[in-house]
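No value in this document is a laboratory result; all are computed from the given coordinates. Fair warning: this is a prediction, and the values are worked out from it, not measured in the lab. Cβ atoms come from the backbone with ideal geometry, glycine included; neighbour counts cover every protein chain shown.
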Ligand SMILES: [Zn+2]
């Protein structure tokens, strides 16, 4: 199965198989050490890189924590997965596993 990932509209959208699936402006609880908060509440402003590892779609996001205001770029976080029915976004707390997906790209891949 081939999954086509692109960043569209100045990295405001992650496109999966030519459909805008994951946008910016959402707030994610992030459990990785993004800032000094135990749990960061990240306002996603842009996507830096997207990648797919098997069926798992991952991205590095740029944004800031609404609690403390610190801004930065996350490690790779799961944003969704590709099922036989299409793309399924993940919810809940985002945490990164260490390491990068098999294929990462900036822009089009
Ligand atoms: Zn914070």
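The per residue volume of the convex hull around the alpha-carbon atoms of the range 1-44 is 92 Å³. Computed from label points 7 Å out along Cα-Cβ, the spacing between residue 37 and residue 66 is 0.8 nm. Put simply, the C-alpha atoms of the range 5-96 give a gyration tensor, and the ellipsoid matching it has half-axes of 22, 14, 10 Å, longest first.
The value of relative contact order for the chain, using C-alpha pairs under 8 Å at least six residues apart, is 26 percent. With a simple spin-label model that places each label point 7 Å from the Cα along the Cα-to-Cβ direction, the separation between residue 93 and residue 10 comes to 3.4 nm. In this structure, residue 73 and residue 19 have a Cβ-Cβ separation that, at R0 = 25 Å, corresponds to a calculated FRET efficiency of about 0.50.
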